[in-house]
Amino acid sequence: MTDTNSPWTYNVLCGLCATGFYCTGAGLFQMTVLPSFILLVGGSNFDVGFAEGLQGLTNLIFALPVGYIADKWSRRACIRIGASLSLLSGACLLLAVLLATADNSTAFAILCAALGLQGICDGIMNGPLVALMDDSCPAGRRSDVETMNAVVYEAASSVGPLVGLVVFLYSGNTWSLSSMKLVIALGVLICQLAIFPCFFMDDRRALGECSEAVHLQERLVGDSGGARELVERNQRASCFGLITVGRVRLVLFLNEVILCLGAGMTVKFFPVFFKQEGHINPALLQAVFASLSALTVVSTLISARISKCAGRLQVIIPCYAVGITCTILLGLLRPYYTVPGVMLPVFLLRCSSMWGAFPLLGSVIADYTPKAQRGRWKALGSITAMGWSGSAAVGGALIDHFGYGITFAITGCLQSLALPTMCSLMPLVAKESELLAAADRTCADDSTSHASEISMQDV
């Protein structure tokens, strides 16, 4: 008998394939090579921040109206438009790579145009694409999808640095312009393969009410003990009544903004930091990021397993606390910057602990986002991408004036502001075991009724 509560639906599988192709290509250059390439072509850390910030700005401008259109019109159409525009972005980036020389203003301008176009593509695709995946997964199983998506993301991302490692070793293991050009060009071509599964995603293959927000699934709640616990949670409030279950999504969005504002100030500069302050060669840096992906996969799987018993927020909060502490340590351990045995483990622990908990946070966000508003909320979440990329300009300016240490410490202090608000949500956010126990019926009837609606639309 088919598992009618299975999260592995058509749109989810297409989304996972798109993630795999895109991350394999992007892993080749975005985190490791692109910042150094922009620094060489542009000439300063501010240029790195400006180019990355431009990507976030265009994302913000286009994401909000597109998210509204996706909710009111068609997620599929928005995804296909974004996939088509990504071809133009890739062509511009390849042209910039072809023309690039040290301090080349023309190549830098084209590179900025390519990143700006990529921001538009992200704004058009990411909101509707992720919203359609959420629409196609039943509540209570979203951490499985988010975990698998993260595993695919990290596994594919680790392939990129490994290929980059081989390319760098073949070309002399130096940060030469020719080596970086080859790595970026190969990565861009692989990224374009993600377009094909994106074109196959379809609104009509989404689920019905069983994929709705947790607090809105009244007809799926029965009389079991789990259902009573869920009803009780939905009636609770925290922070003197200011935070209710209907406001969980808003609080989570504010947390996203805080975390990404801090991350954008530092994460994009980690490769440059290890190159300039740690004097790490290209092959070792590629190996570090490849191992980081493997560690993040392990951290993701362990976090997901523990969350099934302890609860998702109960795992997320300690993981983020560890990561924030490590970020501050990266700033305070200046005497050890040239000691890889000290700095690299702190860096790996910082990233693997925070990134390993991110899929759980994503599943909580999806469970408390109303279905009819998912495109808009995902688009609004692009403000966090603006925070991620836009704050890179601030981070670049801080690094140029004060150095990496102070900037990393500021980042950690800023991100720590998100921890108290996460703690305030613990009484309200349901465990997935409670959601599954509360299901009075499977998704079979729900999917059947939704399918009949689709067939009527096709008549």
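General observations
- Neighbour-count ranking [beta-carbon atoms within 10 angstrom, fewest first] of V12, V322: V322, V12
- Residue-span extension gain [H279 to A109] - 0.36 nm each, minus C-alpha spacing: 58.3 nm
- Enclosed volume per residue, in Å³, of the convex hull spanned by Cα atoms of region 96-167: 110 Å³
- Charge dipole (the chain, unit charges on Cβ, about Cα centre) - positive-most of Y170, V272, L85: V272
- The mean sequence separation of alpha-carbon pairs under 8 Å and at least six residues apart, normalised by the residue count of the chain, gives a relative contact order of 30 percent.
- Of the peptides 367-376, 122-131, 21-30, the order by per-residue mean of other Cβ atoms within 10 Å, starting with the highest, comes out as 122-131, 21-30, 367-376.
- Distance between modelled label sites at R247 and A321, nm, 7 Å Cα→Cβ extension: 2.5 nm
- Under a model in which nothing but the beta-carbon of Lys, Arg (+1) and Asp, Glu (-1) is charged, the chain shows a dipole of about 460 debye around its Cα centre.
- Placing unit charges on the Cβ atoms of the charged side chains and taking the dipole of region 11-440 about its Cα centre, the candidate lying farthest along the positive direction among S158, P318, I184 is P318.
- Sequence of H401, H215 once ranked by neighbouring C-beta atoms within 10 Å, starting from the fewest: H401, H215
- Kyte-Doolittle mean at least -0.5, axial Cα span of 20 Å or more - DSSP H helices of the chain: 10-29, 45-72, 75-99, 105-135, 142-170, 177-191, 248-264, 282-310, 312-332, 340-367, 382-402
- Adding -39500 (n - 2.57) for every DSSP H run of four residues or longer, then dividing by how many residues the chain holds, sets the calculated 222 nm ellipticity at -25500 deg cm²/dmol.
- In summary, the convex hull built on the alpha carbon positions of region 257-319 has an orientation-averaged projected area of 5.3 nm².
- Exposure proxy for F46, F347, F196, F240: other Cβ atoms within 10 Å of each Cβ, ordered fewest to most, give F240, F196, F46, F347.
- When Rg and the Kirkwood Rh are both derived from Cα coordinates, the Rg/Rh ratio for the chain amounts to 0.97.
- The three principal axes of the Cα atoms in region 320-432 give end-to-end lengths of 51, 29, 21 Å, sorted in falling order.
- Quarter of Cα convex hull surface for region 40-96, i.e. mean projection, nm²: 4.5 nm²
- Across all directions, the average flat footprint of the convex hull enclosing the Cα atoms of region 287-347 is 4.5 nm².
Laboratory data are not the source of any read-out in this text; all were calculated from the coordinates shown. Just so you know, these numbers come straight off a predicted model, no measurement behind them. FYI the Cβ positions are ideal-geometry reconstructions off the backbone, even for glycines, and counts take in every protein chain you see.
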